[in-house]
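Bear in mind that the values in this text are calculations on the coordinates, not laboratory data. Worth saying up front: this structure is predicted, and the values here are computed from it rather than measured. Note that each Cβ is placed from the backbone with ideal geometry, even for glycine, and that neighbours are counted across all protein chains shown.
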Amino acid sequence: MRMRSREHMRYALALLMGLYSVVAFATLPLQATLEQLASDSDHILAGHVIGVDMIDADGNEMLDEKAMTGPGLRNTIRLIVKVDEVFFSRANVVPDVIRVPLDPMMHFSLGQIREAHREPSEKRLVILKGGGFEPIVPGRFFRELSDTQEALEIRARAQGSDRTMEPMR
């Protein structure tokens, strides 16, 4: 009887440690290589952050600086990006300003992100997909401007097409 109890205890401990590691890593930011981003891109732009907003699950703007994102919450924080230059886009028209969602599974408050982006940022390479200008990998869409030529070459090799897409409204 004693042996069986120890086996159960070891099993329970192993299960608990496994669950703990899953939860601990559940909200770590995903990593993405330039190859991954550029290969799947529909838009390769230069832009800089000029503001931050937050919307709820119904698309209503939220103003509470303490409002959070993360697992179980349906809020989305978006970076407001001024498009400085279009290197490539499948959209017929690229807006002057786009709202790019951050990873909704990360634990952030609106106030934290606004504080981090209080001043307009430097110009960066922005790599996105779809008519809604969304990240290819959640929360991963900025690269150094020095990666522009390589990103364009990767995209051209991977997709081999310059067909355009209608922007989604």
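Evaluated on region 35-169, the Kirkwood hydrodynamic radius is 15.3 Å, with distances taken between all distinct Cα atoms. Packing, taken as the mean count of other beta carbons within 10 Å per residue, orders the peptides 139-145, 122-128, 58-64 from highest to lowest as 122-128, 139-145, 58-64.
Highest average first, the peptides 71-78, 103-110, 47-54 ordered by how many other beta carbon atoms sit within 10 Å of their residues are 47-54, 103-110, 71-78.
Of all aspartates and glutamates in the structure, those lying under 19 Å Cα to Cα from Lys123, and not within fewer than 8 positions of it along the same chain, are Asp84, Glu85, Asp96, Glu115, Glu134, Glu144, Asp147, Glu150.
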